1. So, in the stretch 39-52, how many residues would count as being in contact with a helix residue (DSSP H, G or I) (Cβ under 8 Å, 6 or more places away or on another chain) and open to solvent by less than 60 Å² (accessible area, probe 1.4 Å)?
2. Restricting to the stretch 57-95, and then to whatever is open to solvent by 60 Å² or more (accessible area, probe 1.4 Å), hydrophobic (A, V, I, L, M, F, W, C) and in a loop (DSSP other than H, G, I, E, B), can you tell me which residue is nearest to S31 (Cα to Cα)?
3. Between R24, R37, R84, which is without any contact (Cβ under 8 Å) to a residue 40 or more places away in the chain, within 19 Å of M1 (Cα to Cα) and not aromatic (F, W, Y)?
4. Based on what the data block shows, is A18 at pLDDT 90 or above and open to solvent by less than 70 Å² (accessible area, probe 1.4 Å)?
5. Can you run down the residue pairs with Cβ atoms below 9 Å, 6 or more apart or on separate chains, where the first is in the stretch 70-81 and more than 10 Å from R37 (Cβ to Cβ) and the partner is in a helix (DSSP H, G or I) and open to solvent by less than 30 Å² (accessible area, probe 1.4 Å)?
6. Among (1) β-branched (V, I, T); (2) in a loop (DSSP other than H, G, I, E, B); (3) crowded, with 21+ Cβ neighbours inside 10 Å, where does V36 come up short?
Amino acid sequence: MGSPQLARLLGSQHARAATTPGGRRVPAYRSLADGVRLLVLEGRVPVAARLPAERELAAALAVSRTTVAAAYEALRGEGFLESRRGAGTVSYTHL
């Protein structure tokens, strides 16, 4: 999956996930992680799809690479992504 395609899919999710029900702002990395997780759970990002590199996605979304790295790290910790050096990052769910 290319960064422009993922950025387009995330565009509709990003606006909805920017604040909590109490009106507090959600950190950018958390909003991004929530968007990717939802796309995987909805099947809009297929399981085992290779996701864009951090730099590519950061450029496509106009956010810092640190934001994308933190989102990917959070998703790895939750079991939604797997990363291997040289092989990239792929979506994963055990549901």
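The values are calculated or read from the model by the stated rules, or taken from the named source; none is laboratory data. Quick caveat, the model's predicted, so the values are computed rather than measured. No Cβ is skipped: glycine too gets one built from the backbone with ideal geometry, and neighbour counts run over all protein chains shown. Areas reflect the complete protein model, heavy atoms only, side chains present, ligands, DNA and RNA absent. Shrake-Rupley method; radii C 1.70, N 1.55, O 1.52, S 1.80 Å.
1. 4
2. Only one residue tops the list, namely A62.
3. Details: R24 fails: within 19 Å of M1 (Cα to Cα); R37 fails: without any contact (Cβ under 8 Å) to a residue 40 or more places away in the chain.
Answer to the selection: R84.
4. Details: at pLDDT 90 or above: no; open to solvent by less than 70 Å² (accessible area, probe 1.4 Å): yes.
No; evaluated as a whole, the condition is false for this residue.
5. Pairs that qualify, where the first residue is more than 10 Å from R37 (Cβ to Cβ) and the partner is in a helix (DSSP H, G or I) and open to solvent by less than 30 Å² (accessible area, probe 1.4 Å), are A70/L32; A70/A33; Y72/L32; Y72/A33; Y72/V36; Y72/L57; E73/A33.
6. (2)
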